[in-house]
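These notes are about the structure you will find just below.
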Amino acid sequence: MASSNGAPRRKRGRLSRSGDFDRVYRQGRSTGGREFVVHVFPREASLESPRVGLSVSKKVGDAVTRNRIKRVLRESVSALEGDLAAGSDLVITARADAVALDEREGQAGVQRELRALLSRTSAWAGGSTDGAPEPGPAPAREDGDDGAR
């Protein structure tokens, strides 16, 4: 596929077909929280970037509210994309509490909750979940005393 200027188009990492959503729902594993549910289906031997689908029902709110939640979710997934395992299909379903989270904490809160959920799934390939460095061995004391007696 080439765009009008002859350069190849960047393939979108989205699930768009009904059958893809059905496969993720039926054969994948899910993890849920108060605001979101994440369904994950690993594609066999695929090194392609992860594909993400969003589901925001009318229970969440009117069209304006649903579109805002979808936009915030897309931005959050884009920010976390580097931490997602290649070859995964994900469907993120927003619950009604997602609106309150967005109003209360905005993009940062949505991204934090999404990171926490994704880190509990097989689609997570990233580092720590709280942004803090991974715990390692305690640093040696400067005075040479290791504390052992």
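Since every read-out is calculated from the coordinates, none of them should be taken as a lab result. Keep in mind that what you see is a predicted model, and the values were worked out from it rather than measured. All Cβ positions, glycine included, derive from the backbone under ideal geometry; neighbour counts span all protein chains shown.
Got a sec? How would R51, R23 order by Cβ neighbour count within 10 Å, fewest to most?
Going from sparsest to densest Cβ surroundings: R23, R51.
Can you give me the convex hull volume of the Cα atoms of segment 18-118, divided per residue and expressed in Å³?
Enclosed volume per residue, from the Cα hull, is 92 Å³.
Using 0.36 nm per residue of separation minus the Cα-Cα distance, give me the extension gain between R14 and A108 in nm, one decimal.
Length difference between fully extended and current span is 31.6 nm.
Quick one: what are the phi-derived ³J(HN,Hα) couplings along segment 55-66, Karplus 6.51/-1.76/1.60 with θ = phi - 60°, whole Hz, x for glycine and proline?
Per-residue couplings from phi come out as 10, 10, 7, 5, 5, 6, x, 6, 4, 5, 5, 4 Hz.
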